[in-house]
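What follows is a short report on a single structure.
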Amino acid sequence: MRIAVLGTGMVGQAIAGKLDELGHEVSVGTRDPGATTARTEPDGYGNPPLRDWLAARPRVRLATFADAAAGAELVVNATSGGASLEVLESAGAANLAGKVIVDIANPLDFSHGMPPTLFVKDTDSLAERIQRAFPESTVVKALNMVNATVMVDPASVGGGDHSTFISGDDVGAKQVVTGLLKSFGHTDIIDLGDISTARGSEMMLAIWLRLYAALGTPAFAFKIVR
Ligand SMILES: NC(=O)c1ccc[n+]([C@@H]2O[C@H](COP(=O)([O-])OP(=O)(O)OC[C@H]3O[C@@H](n4cnc5c(N)ncnc54)[C@H](OP(=O)(O)O)[C@@H]3O)[C@@H](O)[C@H]2O)c1
């Protein structure tokens with residue numbers, strides 16, 4: 001499949017890298033490809049600059065958000081939650097129309113220090129905001145409650161014996177995303193329901209952040225025991 005991964009951070013790299021490995025045709029979207037590839041310093045977490053990551057993946061194309069989305073059949077939103085709507089606007093509603101948008105972003109607000117709070121919760125969610133802003137696209141919330149590494153390598157924690165959640169209004173779009181998650185190695189994929197159920201998975205960040213602090217590692221996941 002031709003897939004646009006909007007976002008050059010840890011999540012964008014993890015998802016784009018995995019999709020490339022699985023044989024998909026991947027474009028990564030960024031604000032300014034020239035500026036992004038000109039960066040030579042490691043990111044804030046000490047990861048190498050994107051140019052090194054790209055050099056190791058010659059099939060992956062770096063493009064503007066709009067160019068990446070235009071050529072894609074499916075779009076992944078892996079951008080900072082506070083910028084996601086702006087990024088998708090710059091990708092262009094016409095380039096997103098008729099396509100599935102897999103929304104991995106979290107509505108984190110770092111302006112009051114750590115841990116971040118959620119700038120939307122309980123009565124609305126980032127996923128719903130995206131769905132309302134792009135009614136001709138079908139938004140599926142997925143993977144936002146695990147670390148980037150666990151998203152694409154679920155077996156790296158608990159041998160993969162954990163659960164993941166999807167939310168969305170469109171049954172067909174959720175089937176497509178379920179197929180992708182299975183190809184990543186996820187086995188217990190729980191369909192929470194329509195896009196408003198993303199309020200639940202986004203609010204899981206409140207507990208995820210406390211677990212990260214308590215456990216001292218982001219390498220964990222949630223298992224739902226029936
Ligand atoms: N890190 C994780 O393990 C993890 C786990 C679950 C969910 N998430 C969520 O996944 C998303 C991506 O996280 P991340 O850690 O990979 O990266 P991030 O630093 O949250 O986001 C990086 C991306 O956001 C874009 N961006 C940031 N500010 C922008 C602005 N003002 N205008 C336009 N674009 C802007 C950047 O564009 P440029 O490319 O142009 O710089 C970059 O592509 C976030 O919503 C995060 O909450 C992260």
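The values are calculated or read from the model by the stated rules, or taken from the named source; none is laboratory data. All figures in this text were calculated on a predicted structure; none of them were measured in a lab. Here the Cβ positions follow ideal geometry from the backbone for every residue, glycine too, while neighbour counts run over all protein chains shown. Just so you know, the surface numbers come from the protein's heavy atoms only, side chains and all, with ligands and any DNA or RNA stripped out. Shrake-Rupley method; radii C 1.70, N 1.55, O 1.52, S 1.80 Å.
Does Val11 fit the bill of being of a type in the set (Val, Ile, Thr) and closer than 18 Å to Leu143 by Cα? Yes: the conditions hold for Val11. Listed conditions (1) open to solvent by 10 Å² or more (accessible area, probe 1.4 Å); (2) in contact with a Pro (Cβ under 7 Å, 6 or more places away or on another chain) are all met by Val100, apart from (2).
Could you please find all residues in the range 162-219 being assigned to a loop (DSSP other than H, G, I, E, B) and in contact with a strand residue (DSSP E or B) (Cβ under 6 Å, 6 or more places away or on another chain)?
Start the filter on the range 162-219 by keeping residues that are assigned to a loop (DSSP other than H, G, I, E, B), which leaves 162, 169-170, 185-187, 194, 216-219.
The answer is Asp170, His186.
Residue pairs whose Cβ atoms lie under 6 Å apart, sitting 6 or more positions apart in sequence or on different chains, and linking a residue in the range 203-226 that is at pLDDT 95 or above to a partner that is basic (Lys, Arg) and open to solvent by 50 Å² or more (accessible area, probe 1.4 Å), are Met203/Lys121. Annotation note: of Ala105, Ala63, Ala83, Ala94, the sole residue that is open to solvent by less than 10 Å² (accessible area, probe 1.4 Å) and not in a loop (DSSP other than H, G, I, E, B) is Ala63.
May I ask you to list the residues in the range 201-211 that are small (Gly, Ala, Ser) and open to solvent by 40 Å² or more (accessible area, probe 1.4 Å)? Please lay out each step first, then the result.
So the first thing to find is which residues in the range 201-211 are small (Gly, Ala, Ser), and the list is 201, 206.
Result: Ala206, single match.
The condition of being out of contact with any Leu (no Cβ under 8 Å at 6 or more places or on another chain) and free of Cβ contacts under 8 Å to residues at least 60 places away in the same chain does not hold for Gly200. Considering the range 13-42, the residues that are within 14 Å of the ligand (Cβ to nearest atom), farther than 14 Å from Leu62 by Cβ and surrounded by fewer than 14 Cβ atoms within 10 Å (Cβ to Cβ) include one that is modelled with the lowest pLDDT, namely Pro42.
Looking across the range 152-161, the residues that are over 17 Å from the mean Cα position of the chain (by Cα) and outside any helix (DSSP H, G or I) come down to Val157, Asp161. Annotation note: of Asp122, Asp161, Asp194, Asp169, the sole residue that is open to solvent by 60 Å² or more (accessible area, probe 1.4 Å), on the phi > 0 side of the Ramachandran plot and touching a residue at least 12 places away in the same chain (Cβ under 8 Å) is Asp122.
Within the range 66-80, track down each residue that is of a type in the set (A, V, I, L, M) and either open to solvent by 60 Å² or more (accessible area, probe 1.4 Å) or not in a helix (DSSP H, G or I) (or both). Lay out the reasoning, then the answer.
Within the range 66-80, the subset of a type in the set (A, V, I, L, M) is 66, 68-70, 72, 74-76, 78.
Within the range 66-80, Ala72, Leu74, Val75, Val76, Ala78 qualify.
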